[in-house]
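Note sheet for the following structure.
The values are calculated or read from the model by the stated rules, or taken from the named source; none is laboratory data. These numbers come from a predicted model, not from an experiment. Backbone-built Cβ (ideal geometry, glycine too); neighbour counts: all protein chains shown.
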(Lines give C-alpha, C1' and ligand atoms only; values in the text may rest on other atoms or scores of the structure.)
Protein backbone atom coordinates (compact mmCIF):
# COMPACT_ATOMS: atom_id res chain seq x y z
CA UNK A 1 0.00 0.00 0.00
CA UNK A 2 2.92 2.35 0.68
CA UNK A 3 4.07 1.89 -2.91
CA UNK A 4 0.59 2.78 -4.21
CA UNK A 5 0.54 6.02 -2.20
CA UNK A 6 4.01 6.99 -3.42
CA UNK A 7 3.08 6.37 -7.06
CA UNK A 8 -0.18 8.31 -6.72
CA UNK A 9 1.66 11.28 -5.21
CA UNK A 10 4.47 11.23 -7.76
CA UNK A 11 2.13 11.05 -10.75
CA UNK A 12 -0.13 13.88 -9.58
CA UNK A 13 -3.21 11.91 -8.50
CA UNK A 14 -2.93 13.42 -5.02
CA UNK A 15 -3.33 17.21 -5.27
CA UNK A 16 -0.97 19.62 -3.54
CA UNK A 17 -0.23 20.68 -0.87
CA UNK A 18 1.33 17.61 0.74
CA UNK A 19 4.73 16.32 1.82
CA UNK A 20 5.68 12.73 1.07
CA UNK A 21 7.80 11.22 3.85
CA UNK A 22 8.95 7.82 5.13
CA UNK A 23 9.46 6.98 8.78
CA UNK A 24 12.24 4.80 10.20
CA UNK A 25 12.79 3.08 13.51
CA UNK A 26 15.28 4.75 15.86
CA UNK A 27 18.79 3.64 14.95
CA UNK A 28 17.74 2.20 11.59
CA UNK A 29 19.58 4.94 9.67
CA UNK A 30 23.23 5.83 10.17
CA UNK A 31 22.46 9.56 10.19
CA UNK A 32 19.96 9.06 13.01
CA UNK A 33 17.02 10.54 11.08
CA UNK A 34 13.63 8.93 11.61
CA UNK A 35 11.68 11.06 9.04
CA UNK A 36 12.94 11.49 5.45
CA UNK A 37 11.41 12.99 2.34
CA UNK A 38 10.48 10.54 -0.42
CA UNK A 39 10.85 11.37 -4.11
CA UNK A 40 11.39 8.76 -6.81
CA UNK A 41 11.64 11.25 -9.67
CA UNK A 42 8.84 10.14 -11.98
CA UNK A 43 8.46 12.84 -14.65
CA UNK A 44 4.88 13.29 -15.84
CA UNK A 45 3.11 15.86 -17.98
CA UNK A 46 0.90 16.82 -15.04
CA UNK A 47 3.86 17.58 -12.75
CA UNK A 48 5.56 19.58 -15.49
CA UNK A 49 2.37 21.53 -16.19
CA UNK A 50 1.84 22.43 -12.54
CA UNK A 51 5.48 23.29 -11.75
CA UNK A 52 6.27 25.45 -14.77
CA UNK A 53 4.36 28.62 -14.04
CA UNK A 54 5.33 31.96 -15.61
CA UNK A 55 8.02 33.78 -13.66
CA UNK A 56 6.04 36.91 -12.90
CA UNK A 57 2.41 36.27 -13.85
CA UNK A 58 0.28 34.27 -11.45
CA UNK A 59 -3.50 34.42 -11.21
CA UNK A 60 -6.17 32.15 -9.78
CA UNK A 61 -7.09 30.89 -13.26
CA UNK A 62 -3.60 29.41 -13.69
CA UNK A 63 -4.53 26.83 -11.02
CA UNK A 64 -7.13 25.25 -13.29
CA UNK A 65 -5.92 22.21 -15.22
CA UNK A 66 -7.36 22.60 -18.71
CA UNK A 67 -7.46 18.90 -19.59
CA UNK A 68 -8.63 18.53 -23.19
CA UNK A 69 -10.28 15.20 -22.32
CA UNK A 70 -12.78 17.15 -20.20
CA UNK A 71 -13.71 19.71 -22.85
CA UNK A 72 -17.33 19.74 -23.96
CA UNK A 73 -17.88 23.16 -25.58
CA UNK A 74 -17.02 23.53 -29.26
CA UNK A 75 -15.31 26.94 -28.82
CA UNK A 76 -12.95 25.53 -26.17
CA UNK A 77 -12.14 22.44 -28.24
CA UNK A 78 -11.46 24.57 -31.33
CA UNK A 79 -9.29 26.99 -29.35
CA UNK A 80 -6.93 24.31 -28.04
CA UNK A 81 -6.84 22.52 -31.41
CA UNK A 82 -5.70 25.75 -33.00
CA UNK A 83 -3.24 26.42 -30.16
CA UNK A 84 -1.70 22.99 -30.72
CA UNK A 85 -1.08 23.83 -34.39
CA UNK A 86 0.38 27.26 -33.63
CA UNK A 87 2.60 25.94 -30.82
CA UNK A 88 4.88 24.14 -33.25
CA UNK A 89 6.19 27.28 -34.97
CA UNK A 90 8.54 29.95 -33.66
CA UNK A 91 6.06 32.66 -34.54
CA UNK A 92 4.52 35.20 -32.11
CA UNK A 93 1.05 34.43 -30.76
CA UNK A 94 -1.37 37.01 -29.37
CA UNK A 95 -3.99 35.72 -26.92
CA UNK A 96 -7.15 37.82 -26.55
CA UNK A 97 -9.74 37.28 -23.85
CA UNK A 98 -11.65 38.84 -21.00
CA UNK A 99 -10.10 39.04 -17.54
CA UNK A 100 -10.05 35.75 -15.68
CA UNK A 101 -10.64 33.46 -18.67
CA UNK A 102 -7.38 31.50 -18.53
CA UNK A 103 -5.04 33.32 -20.93
CA UNK A 104 -2.00 32.77 -18.69
CA UNK A 105 -2.67 29.05 -18.48
CA UNK A 106 -3.12 28.83 -22.25
CA UNK A 107 0.28 30.51 -22.68
CA UNK A 108 1.85 27.89 -20.37
CA UNK A 109 0.09 25.12 -22.29
CA UNK A 110 1.41 26.41 -25.62
CA UNK A 111 4.95 26.59 -24.26
CA UNK A 112 5.09 23.04 -22.92
CA UNK A 113 3.55 21.71 -26.15
CA UNK A 114 6.27 23.34 -28.23
CA UNK A 115 10.00 22.90 -28.76
CA UNK A 116 10.58 26.45 -27.45
CA UNK A 117 11.17 25.20 -23.98
CA UNK A 118 14.61 25.36 -22.42
CA UNK A 119 13.94 22.36 -20.22
CA UNK A 120 15.24 24.16 -17.15
CA UNK A 121 12.10 23.41 -15.15
CA UNK A 122 10.44 25.78 -12.73
CA UNK A 123 9.32 29.27 -13.65
CA UNK A 124 9.79 30.80 -17.08
CA UNK A 125 10.27 34.40 -18.30
CA UNK A 126 7.05 36.39 -18.14
CA UNK A 127 6.02 39.89 -17.17
CA UNK A 128 2.78 41.76 -16.47
CA UNK A 129 3.51 44.89 -18.49
CA UNK A 130 1.06 47.14 -16.63
CA UNK A 131 3.14 47.22 -13.45
CA UNK A 132 6.19 48.88 -15.03
CA UNK A 133 7.14 52.37 -16.19
CA UNK A 134 8.72 52.56 -19.67
CA UNK A 135 12.19 52.83 -18.09
CA UNK A 136 11.84 49.88 -15.72
CA UNK A 137 10.11 47.84 -18.44
CA UNK A 138 13.09 48.31 -20.72
CA UNK A 139 15.49 47.20 -17.98
CA UNK A 140 13.29 44.22 -17.12
CA UNK A 141 13.18 42.99 -20.71
CA UNK A 142 16.56 43.95 -22.11
CA UNK A 143 18.69 44.15 -18.98
CA UNK A 144 21.30 46.84 -18.30
CA UNK A 145 25.00 47.30 -17.73
CA UNK A 146 26.52 48.46 -14.47
CA UNK A 147 26.35 52.25 -14.34
CA UNK A 148 23.79 52.48 -17.17
CA UNK A 149 21.76 54.84 -14.97
CA UNK A 150 22.01 56.41 -11.52
CA UNK A 151 21.01 53.42 -9.39
CA UNK A 152 22.51 50.73 -11.64
CA UNK A 153 25.16 49.51 -9.17
CA UNK A 154 25.16 46.07 -10.77
CA UNK A 155 24.51 44.71 -14.22
CA UNK A 156 21.23 42.90 -14.80
CA UNK A 157 20.26 40.10 -17.15
CA UNK A 158 16.97 40.84 -18.89
CA UNK A 159 14.10 38.47 -19.57
CA UNK A 160 15.00 38.32 -23.26
CA UNK A 161 18.29 36.73 -22.30
CA UNK A 162 16.58 34.28 -19.95
CA UNK A 163 14.17 33.38 -22.76
CA UNK A 164 16.94 32.23 -25.12
CA UNK A 165 15.74 28.96 -26.70
CA UNK A 166 12.62 29.35 -24.59
CA UNK A 167 9.41 31.39 -24.52
CA UNK A 168 8.83 34.96 -23.33
CA UNK A 169 5.32 35.87 -22.18
CA UNK A 170 4.13 39.50 -22.10
CA UNK A 171 0.79 39.85 -20.31
CA UNK A 172 -1.19 43.11 -20.56
CA UNK A 173 0.72 43.85 -23.77
CA UNK A 174 -1.55 46.84 -24.43
CA UNK A 175 0.37 48.71 -21.70
CA UNK A 176 3.78 48.49 -23.42
CA UNK A 177 5.14 51.99 -24.15
CA UNK A 178 5.94 53.19 -27.68
CA UNK A 179 9.68 53.22 -26.93
CA UNK A 180 9.73 49.62 -25.73
CA UNK A 181 7.53 48.58 -28.67
CA UNK A 182 10.14 49.91 -31.11
CA UNK A 183 12.92 48.04 -29.30
CA UNK A 184 10.89 44.84 -29.28
CA UNK A 185 10.22 45.09 -33.02
CA UNK A 186 13.96 44.96 -33.66
CA UNK A 187 14.45 42.10 -31.19
CA UNK A 188 11.62 40.08 -32.75
CA UNK A 189 12.95 40.61 -36.27
CA UNK A 190 16.69 40.14 -35.62
CA UNK A 191 16.65 37.92 -32.50
CA UNK A 192 19.20 40.23 -30.92
CA UNK A 193 19.11 43.40 -28.87
CA UNK A 194 21.23 45.85 -26.87
CA UNK A 195 20.98 45.90 -23.07
CA UNK A 196 20.73 49.44 -21.68
CA UNK A 197 24.25 50.92 -21.50
CA UNK A 198 25.86 48.19 -23.64
CA UNK A 199 27.33 48.68 -27.11
CA UNK A 200 27.53 44.99 -27.97
CA UNK A 201 24.41 43.12 -29.10
CA UNK A 202 23.11 40.08 -27.27
CA UNK A 203 21.49 37.28 -29.24
CA UNK A 204 18.39 35.47 -28.00
CA UNK A 205 16.40 32.90 -29.94
CA UNK A 206 13.18 33.50 -28.00
CA UNK A 207 9.59 32.68 -28.86
CA UNK A 208 7.09 35.46 -28.00
CA UNK A 209 3.62 35.01 -26.52
CA UNK A 210 1.49 38.03 -25.60
CA UNK A 211 -1.94 38.44 -24.02
CA UNK A 212 -4.44 41.19 -23.27
CA UNK A 213 -8.00 41.62 -22.05
CA UNK A 214 -8.49 44.58 -24.39
CA UNK A 215 -10.67 44.20 -27.46
CA UNK A 216 -8.97 44.19 -30.86
CA UNK A 217 -10.47 47.59 -31.70
CA UNK A 218 -9.07 49.11 -28.51
CA UNK A 219 -5.71 47.38 -28.93
CA UNK A 220 -5.35 48.98 -32.37
CA UNK A 221 -5.55 52.41 -30.72
CA UNK A 222 -2.99 51.47 -28.03
CA UNK A 223 -0.21 49.83 -30.02
CA UNK A 224 1.99 50.91 -32.91
CA UNK A 225 0.71 49.21 -36.12
CA UNK A 226 4.15 47.75 -36.89
CA UNK A 227 4.41 46.24 -33.41
CA UNK A 228 0.86 44.88 -33.48
CA UNK A 229 1.51 43.30 -36.88
CA UNK A 230 4.54 41.46 -35.53
CA UNK A 231 2.96 40.10 -32.36
CA UNK A 232 -0.31 39.02 -34.01
CA UNK A 233 0.85 36.66 -36.74
CA UNK A 234 -1.27 34.11 -34.89
CA UNK A 235 -4.24 35.26 -32.79
CA UNK A 236 -6.13 33.10 -30.30
CA UNK A 237 -9.38 34.36 -28.77
CA UNK A 238 -10.19 32.74 -25.42
CA UNK A 239 -14.00 32.54 -25.11
CA UNK A 240 -15.64 33.82 -21.91
CA UNK A 241 -17.13 31.24 -19.56
CA UNK A 242 -20.70 32.25 -20.44
CA UNK A 243 -20.00 30.75 -23.89
CA UNK A 244 -18.71 27.50 -22.35
CA UNK A 245 -21.81 26.42 -20.45
CA UNK A 246 -21.17 22.70 -21.06
CA UNK A 247 -17.74 23.01 -19.41
CA UNK A 248 -18.85 24.88 -16.29
CA UNK A 249 -19.58 21.68 -14.24
CA UNK A 250 -15.98 20.39 -14.30
CA UNK A 251 -14.48 23.89 -14.14
CA UNK A 252 -16.58 24.67 -11.06
CA UNK A 253 -15.41 21.44 -9.40
CA UNK A 254 -11.76 22.42 -9.92
CA UNK A 255 -12.35 26.00 -8.74
CA UNK A 256 -14.14 24.85 -5.60
CA UNK A 257 -11.46 22.28 -4.81
CA UNK A 258 -8.70 24.87 -5.28
CA UNK A 259 -10.56 27.46 -3.20
CA UNK A 260 -11.15 25.08 -0.28
CA UNK A 261 -7.48 24.03 -0.22
CA UNK A 262 -6.19 27.60 -0.44
CA UNK A 263 -8.59 28.70 2.29
CA UNK A 264 -7.41 25.84 4.54
CA UNK A 265 -10.90 24.41 5.03
CA UNK A 266 -11.09 20.86 6.46
CA UNK A 267 -12.44 18.30 3.98
CA UNK A 268 -15.51 17.49 6.08
CA UNK A 269 -16.52 21.17 6.09
CA UNK A 270 -15.77 21.65 2.40
CA UNK A 271 -17.70 18.59 1.20
CA UNK A 272 -20.36 19.67 -1.30
CA UNK A 273 -23.12 17.19 -2.09
CA UNK A 274 -24.29 16.45 -5.62
CA UNK A 275 -27.59 18.33 -5.30
CA UNK A 276 -25.86 21.54 -4.13
CA UNK A 277 -23.16 21.19 -6.77
CA UNK A 278 -25.82 20.91 -9.47
CA UNK A 279 -27.77 23.84 -8.03
CA UNK A 280 -24.71 26.11 -8.09
CA UNK A 281 -23.71 24.95 -11.57
CA UNK A 282 -27.20 25.68 -12.93
CA UNK A 283 -27.03 29.21 -11.55
CA UNK A 284 -23.54 29.76 -12.96
CA UNK A 285 -24.65 28.56 -16.38
CA UNK A 286 -27.39 31.21 -16.39
CA UNK A 287 -25.15 34.03 -15.11
CA UNK A 288 -23.03 36.31 -17.36
CA UNK A 289 -19.96 35.62 -15.14
CA UNK A 290 -18.26 38.99 -15.70
CA UNK A 291 -15.05 37.93 -13.96
CA UNK A 292 -15.10 34.47 -15.55
CA UNK A 293 -13.05 32.13 -13.31
CA UNK A 294 -12.71 34.89 -10.72
CA UNK A 295 -16.49 35.04 -10.41
CA UNK A 296 -16.49 31.29 -9.75
CA UNK A 297 -13.85 31.76 -7.06
CA UNK A 298 -16.03 34.49 -5.53
CA UNK A 299 -18.91 32.03 -5.24
CA UNK A 300 -16.64 29.36 -3.78
CA UNK A 301 -15.14 31.61 -1.12
CA UNK A 302 -18.52 33.02 -0.07
CA UNK A 303 -19.90 29.50 0.26
CA UNK A 304 -16.93 28.38 2.34
CA UNK A 305 -17.18 31.45 4.57
CA UNK A 306 -20.86 30.72 5.22
CA UNK A 307 -20.18 27.03 5.75
CA UNK A 308 -17.59 27.79 8.43
CA UNK A 309 -19.83 30.26 10.26
CA UNK A 310 -20.28 28.12 13.38
CA UNK A 311 -21.85 30.93 15.39
CA UNK A 312 -24.89 31.22 13.14
CA UNK A 313 -24.95 27.56 12.12
CA UNK A 314 -26.21 28.08 8.56
CA UNK A 315 -27.76 25.16 6.71
CA UNK A 316 -26.36 24.00 3.37
CA UNK A 317 -29.28 25.66 1.60
CA UNK A 318 -28.53 28.96 3.36
CA UNK A 319 -24.83 28.65 2.46
CA UNK A 320 -25.70 28.21 -1.21
CA UNK A 321 -28.04 31.21 -1.13
CA UNK A 322 -25.31 33.28 0.57
CA UNK A 323 -22.75 32.28 -2.09
CA UNK A 324 -24.98 32.98 -5.07
CA UNK A 325 -26.15 36.27 -3.61
CA UNK A 326 -22.53 37.45 -3.73
CA UNK A 327 -22.62 37.52 -7.54
CA UNK A 328 -26.26 38.33 -8.25
CA UNK A 329 -25.37 42.02 -8.14
CA UNK A 330 -22.63 41.45 -10.73
CA UNK A 331 -25.04 40.50 -13.49
CA UNK A 332 -24.36 44.03 -14.77
CA UNK A 333 -20.59 43.73 -14.70
CA UNK A 334 -18.96 46.73 -16.33
CA UNK A 335 -18.66 50.11 -14.67
CA UNK A 336 -18.41 51.11 -11.06
CA UNK A 337 -22.09 50.79 -10.22
CA UNK A 338 -23.28 48.06 -12.56
CA UNK A 339 -25.90 50.28 -14.18
CA UNK A 340 -28.90 49.10 -16.23
CA UNK A 341 -27.28 50.49 -19.41
CA UNK A 342 -24.31 48.21 -18.91
CA UNK A 343 -26.58 45.23 -18.47
CA UNK A 344 -28.51 46.11 -21.62
CA UNK A 345 -25.28 46.57 -23.59
CA UNK A 346 -23.91 43.22 -22.46
CA UNK A 347 -27.19 41.43 -23.18
CA UNK A 348 -27.22 42.97 -26.66
CA UNK A 349 -23.60 41.94 -27.30
CA UNK A 350 -24.32 38.36 -26.23
CA UNK A 351 -27.73 38.27 -27.90
CA UNK A 352 -29.33 37.37 -24.57
CA UNK A 353 -32.87 38.18 -23.37
CA UNK A 354 -33.36 41.27 -21.17
CA UNK A 355 -35.32 39.46 -18.46
CA UNK A 356 -32.55 39.73 -15.83
CA UNK A 357 -31.90 43.41 -16.52
CA UNK A 358 -35.56 44.27 -16.05
CA UNK A 359 -35.85 41.99 -13.02
CA UNK A 360 -32.92 43.70 -11.29
CA UNK A 361 -33.98 47.26 -12.10
CA UNK A 362 -37.70 46.50 -11.49
CA UNK A 363 -38.67 49.10 -14.09
CA UNK A 364 -36.20 49.91 -16.87
CA UNK A 365 -35.64 53.64 -17.43
CA UNK A 366 -35.07 53.69 -21.20
CA UNK A 367 -34.10 57.38 -21.17
CA UNK A 368 -31.39 56.73 -18.60
CA UNK A 369 -30.08 53.75 -20.58
CA UNK A 370 -30.01 55.73 -23.82
CA UNK A 371 -28.27 58.67 -22.15
CA UNK A 372 -25.57 56.55 -20.56
CA UNK A 373 -24.84 54.70 -23.79
CA UNK A 374 -24.56 58.01 -25.64
CA UNK A 375 -22.19 59.41 -23.01
CA UNK A 376 -19.99 56.34 -23.34
CA UNK A 377 -20.01 56.62 -27.13
CA UNK A 378 -19.22 60.34 -26.99
CA UNK A 379 -16.35 59.86 -24.53
CA UNK A 380 -14.73 57.16 -26.65
CA UNK A 381 -15.18 59.02 -29.95
CA UNK A 382 -13.62 62.15 -28.49
CA UNK A 383 -10.72 60.18 -26.98
CA UNK A 384 -9.93 58.39 -30.25
CA UNK A 385 -10.22 61.60 -32.29
CA UNK A 386 -7.85 63.36 -29.89
CA UNK A 387 -5.30 60.51 -29.96
CA UNK A 388 -5.31 60.55 -33.78
CA UNK A 389 -5.30 64.35 -34.00
CA UNK A 390 -8.38 64.45 -36.24
CA UNK A 391 -11.87 66.03 -35.90
CA UNK A 392 -14.64 63.77 -34.60
CA UNK A 393 -16.52 64.17 -37.87
CA UNK A 394 -13.79 62.17 -39.62
CA UNK A 395 -14.41 59.04 -37.55
CA UNK A 396 -18.18 59.13 -37.02
CA UNK A 397 -21.41 60.53 -38.50
CA UNK A 398 -22.13 63.17 -35.84
CA UNK A 399 -20.60 66.58 -35.17
CA UNK A 400 -18.54 67.85 -32.24
CA UNK A 401 -21.61 69.80 -31.14
CA UNK A 402 -23.65 66.59 -30.93
CA UNK A 403 -20.84 64.95 -28.97
CA UNK A 404 -20.94 67.82 -26.45
CA UNK A 405 -24.71 67.44 -26.11
CA UNK A 406 -24.38 63.71 -25.50
CA UNK A 407 -21.77 64.32 -22.79
CA UNK A 408 -24.14 66.72 -21.05
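Against the numbered list (1) more than 23 Å from the chain's Cα centre (by Cα); (2) in contact (Cβ under 8 Å) with a residue 12 or more places away in the chain; (3) over 26 Å from residue 162 (Cα atoms), residue 225 comes up short only at (2). Restricting the search to helices (runs of 4 or more DSSP H) fully inside segment 1-109 and requiring at least 2 residues that are touching a helix residue (DSSP H, G or I) at 6+ places or on another chain (Cβ under 6 Å), within 28 Å of residue 252 (Cα to Cα) and modelled with pLDDT of 70 or more gives 74-86. Only one of the listed residues (303, 227) is assigned by TED's automatic domain parsing to the domain that holds residue 73 and either touching a strand residue (DSSP E or B) at 6+ places or on another chain (Cβ under 9 Å) or buried (at least 18 other Cβ atoms within 10 Å of the Cβ) (or both). That residue is 227. Looking at this structure, is residue 107 closer than 28 Å to residue 289 by Cα and touching a strand residue (DSSP E or B) at 6+ places or on another chain (Cβ under 7 Å)? Yes. Taking the stated definitions as given, is residue 268 farther than 23 Å from residue 295 by Cα, modelled with pLDDT under 95, surrounded by fewer than 17 Cβ atoms within 10 Å (Cβ to Cβ) and not assigned by TED's automatic domain parsing to the domain that holds residue 100? So residue 268 fits the description; yes.
Can we say residue 177 is surrounded by fewer than 18 Cβ atoms within 10 Å (Cβ to Cβ), assigned by TED's automatic domain parsing to the domain that holds residue 73 and within 30 Å of residue 71 (Cβ to Cβ)? Judged against the criteria, residue 177 is not a match. For residues that are closer than 24 Å to residue 222 by Cβ and surrounded by fewer than 14 Cβ atoms within 10 Å (Cβ to Cβ), tally how many sit in segment 369-392. Going through segment 369-392 one residue at a time, the tally reaches 8. Within segment 337-368, if we keep just the residues that are modelled with pLDDT of 75 or more and over 31 Å from the mean Cα position of the chain (by Cα), the residue that is surrounded by the most Cβ atoms within 10 Å (Cβ to Cβ) turns out to be 364.
Just to be sure before I move on: is residue 220 without any contact (Cβ under 8 Å) to a residue 40 or more places away in the chain and within 30 Å of residue 239 (Cβ to Cβ) in the structure I sent? Spelling it out, residue 220 is indeed without any contact (Cβ under 8 Å) to a residue 40 or more places away in the chain and within 30 Å of residue 239 (Cβ to Cβ).
The residue of segment 251-261 that is farthest from residue 289 (Cα to Cα), among those that are over 18 Å from the mean Cα position of the chain (by Cα) and surrounded by 15 or more Cβ atoms within 10 Å (Cβ to Cβ), is 261.
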